[in-house]
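J.: Attaching a single structure in structure tokens format; questions to follow.
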Amino acid sequence: MWHVRNDDDPQAFSELVSRWHRPILGLCIRMTGDRHRGEDLVQETFARLFAHRKTYEPTGKFSTFLWRIAVNLCYDELRKINRRGELSLEESEATSPGSIDLESNDPSPDQSLVDNERARAVRDALLQLPESHRVVLVLRHYEGLKLREIGVILGIPEGTVKSRMFDALGQLSQLLNPLISDVPEAFKPDTAPGTNSISRPPERLLI
């Protein structure tokens, strides 16, 4: 990013895009529930990154700078969607958020059907969470960020991140319980906001 900032280096920028395209896409899809919107937001994120390259300061983490751009764009898009009442979830598993980063273990056809239904239920529930809670859950459980890092990105105290995480896990569990019996363990709140730990990120989740 230093070379992009000072020299407008196209090769350095291309390397940044290659490195960060996948995680930023995952965030944008899970925040909007729409792969096409997510892909558009990824393009806009990197366009904004290049446009604002001169404001980047190496004293902070590059990832924080990039995540903040992406999160703000997601918020802007969600405001537009909510005004139009267009928030919708894609039905095709082939274009779902989970298809971007899950390894295939070649499950049996019947297990695939169960997994697909379970994944759809989780995606539906995630989109019902308030945006402020959804973004914390996505950054923590799917992108693996630490609570402190999430706080820096969102501009809120770490304690607020913990509180929102706990609330989000509780709401998600309530939404999923009537739909599926095997609620993912990672989505079961096991720690109160005031304690030292919170559900750790899962290694693989069907979403």
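Readers should treat all values here as calculations from the given coordinates under stated rules, not as data from a laboratory. Bear in mind the structure is a predicted one, so any value in this text is a computation, not a measurement. A quick note on method: Cβ atoms are made from the backbone with ideal geometry, for glycine too, and the neighbour counts reach across all protein chains shown.
J.: Which FRET efficiency value, to the nearest 0.05, is calculated for Q128 and E39 with the Förster distance at 25 angstrom and r the Cβ-Cβ distance?
T.: About 0.60, to the nearest 0.05.
J.: Need the full-extension length gain, T55 to I156, defined as separation in residues times 0.36 nm minus the C-alpha distance. One decimal, nm.
T.: Answer, rounded to one decimal: 34.2 nm.
J.: Given C-alpha coordinates of region 1-92, what is the ratio Rg to Rh with the Kirkwood estimate of Rh?
T.: Taking Rh as the inverse mean 1/r over Cα pairs, Rg/Rh reads 1.03.
J.: Evaluate E = 1/(1 + (r/R0)^6) for E117 and Q174, where r is the Cβ-Cβ distance and R0 equals 22 Å; express this FRET efficiency to the nearest 0.05.
T.: The computed FRET efficiency comes out at 0.75.
J.: Just rank T64, T32, T59, fewest to most, by other beta-carbon atoms within 10 angstrom.
T.: If I rank by nearby Cβ atoms, fewest first, I get T59, T64, T32.
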